[in-house]
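Quick note: the coordinates plus some simple rules give every number you see, no bench work behind them. Keep in mind the model is a prediction, meaning the values are calculated, not measured. In this analysis, Cβ positions are derived from the backbone assuming ideal geometry, glycine residues included, and neighbour counts consider all displayed protein chains.
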């Protein structure tokens with residue numbers, strides 16, 4: 001379909017060479033010589049883009065812009081002016097112009113503006129697809145090599161980068177290829193974990209940084225010189241952090257960002273208790289039995305995180321003032337934001353925020369959430385939307401304003417499951433879909449990662465014949481009884497507890513508050529300053 005352009009300028013006759021140039025490129029150009037005619041033409045016909053001269057007889061370009069936008073808000077309008085006065089730029093930008101050009105303009109500037117506004121998505125798509133095709137071969141070679149701890153972090157980081165990049169383009173072809181490559185990566189990663197995990201825990205080979213070592217190795221050293229806030233967002237995947245990070249960058253500079261490892265099972269009961277205790281689950285159960293609630297025991301499994309943190313700090317020799325807050329609902333978040341100043345006397349403040357975990361469970365249990373987050377991209381989008389309107393966003397801003405360092409991490413991630421695996425167990429077997437522990441479990445050995453002796457994985461043993469089995473990739477356990485019902489209910493939901501890149505490779509991020517001189521432009525929200533920032537973005541495009 002031919003692109004139609006409306007160009008309004010009181011000297012339109014002098015722009016005939018520009019018109020001929022655009023028509024030679026296949027564009028249809030309709031011209032008028034005043035603002036009123038521009039408004040009328042825009043109302044009568046459909047245009048793909050409109051160029052408006054700011055200084056025309058009758059109504060000005062700015063007045064015409066306001067009328068056109070009121071009627072056709074989605075049509076991109078480019079303002080062209082001789083004036084560099086800031087208030088004109090601010091008013092134009094305030095009316096959502098698509099571009100701002102300073103006279104004299106040449107035909108190539110006009111062409112670039114058209115492509116920037118109308119062809120951008122296609123050009124970005126073509127470039128992204130081309131770049132991924134090149135990286136696809138490199139990633140393939142890496143997956144076929146003997147990847148180590150660092151290598152897997154790099155591969156997963158690349159996969160997430162392309163997942164986010166290709167989600168911005170409309171063409172689905174490359175996204176499908178990426179999904180296949182990610183499945184291959186998860187299969188290879190599962191083998192890597194099965195070959196190395198127990199050796200890491202038992203000192204046979206060098207281990208990566210893991211959740212149970214983060215407080216000792218990463219957070220504790222920070223307390224020597226700074227007051228620190230630690231934010232543990234339950235169930236936060238690395239890709240979710242990457243889509244949230246632009247919001248955080250309004251207030252913080254990223255000092256360090258790395259991928260660290262969770263533990264098995266990648267479940268809150270195990271991984272988050274290990275994080276706070278600085279110990280593996282069986283060590284917690286042995287050293288602090290009153291703080292460990294087993295699979296078969298009644299009661300909440302994470303009721304003693306504060307006590308475990310206190311014991312951890314004591315072992316580290318930290319005699320400091322600190323706080324622990326767990327937020328599980330909206331009112332709790334609002335209350336903490338309202339009482340934020342009470343935290344500023346502490347050397348260390350730890351905040352556990354449970355929303356992402358609740359989101360994954362709600363997506364399983366509520367049809368409306370399933371529809372809102374029916375794939376990975378929508379799930380990430382829902383996470384961003386929640387954060388932008390949550391009390392946590394307010395808390396994060398207040399931490400930055402207080403000048404404190406912020407550390408963000410999690411206990412484990414989550415994976416979208418699509419492949420049911422049959423298992424049979426006793427009534428006392430735990431209910432998690434990604435791992436099972438108990439007596440007399442029946443399964444196909446090839447379908448699982450099996451830990452026959454729980455002590456090898458530093459896991460509590462509930463009985464003489466108990467073992468742990470973990471699903472891989474996008475598998476999930478289903479009992480043969482009422483098989484079809486549970487497959488229909490749980491298929492395509494987000495679960496955790498097993499082995500996958502998404503569950504085991506988690507973000508650890510250290511953030512420093514931005515000073516006023518280095519603050520991100522978007523961090524300032526006052527109406528007086530916002531347009532000025534945009535002005536600099538547009539004026540860089542002027543003809544030199």
Open item on the list: Over all directions, the average projected area of the alpha-carbon convex hull for the range 4-118 comes to how many nm²?
Closed with: 6.2 nm²
Task: With Cα atoms, 0 to 90° folded angle of helix 35-44 axis to the chain main axis - done: 60 degrees
Task: Alpha carbon centroid spacing (whole Å) that separates the range 440-485 from the range 144-194 - done: 26 Å
TODO: Assign one of three labels to the range 267-364, namely rounded, prolate or oblate, based on the Cα gyration tensor with a ≥ b ≥ c the square roots of its eigenvalues; rounded applies when a/c is under 1.5, prolate when it is not and a/b is larger than b/c, and oblate otherwise.
DONE: oblate
TODO: Order by neighbour count: 303, 180, fewest other Cβ atoms within 10 Å first, most last.
DONE: 180, 303
Open item on the list: Given an 8 Å cut-off on Cα distances and at least 6 residues of separation, report the relative contact order of the range 121-201 as a percent.
Closed with: 40 percent
Open item on the list: Sorted from largest to smallest, which semi-axis lengths in Å does the alpha carbon gyration tensor of the range 121-201 give for its equivalent ellipsoid, taking the root of 5 times each eigenvalue?
Closed with: 28, 11, 10
Task: Difference of contour (0.36 nm per residue) and Cα-Cα distance, residue 137 to residue 254 - done: 39.1 nm
TODO: With N denoting the number of residues in the chain, provide Rg(C-alpha) divided by 2.2 N^0.38 Å, to two decimal places.
DONE: 1.18
Task: Packing-based exposure ordering (other Cβ within 10 Å, fewest first) of 298, 11 - done: 298, 11
Task: Shape call, the range 410-499: gyration tensor on alpha carbons, a/c limit 1.5 - done: oblate
Open item on the list: Using a 7 Å offset from the Cα along the Cα-to-Cβ direction at both residue 440 and residue 191, what is the distance between the two label points in nm, to one decimal?
Closed with: 3.7 nm
TODO: Could you tell me whether the range 209-512 comes out rounded, prolate or oblate from its Cα gyration tensor? Rule is a ≥ b ≥ c as square roots of the eigenvalues, rounded for a/c under 1.5, then prolate if a/b exceeds b/c, otherwise oblate.
DONE: oblate
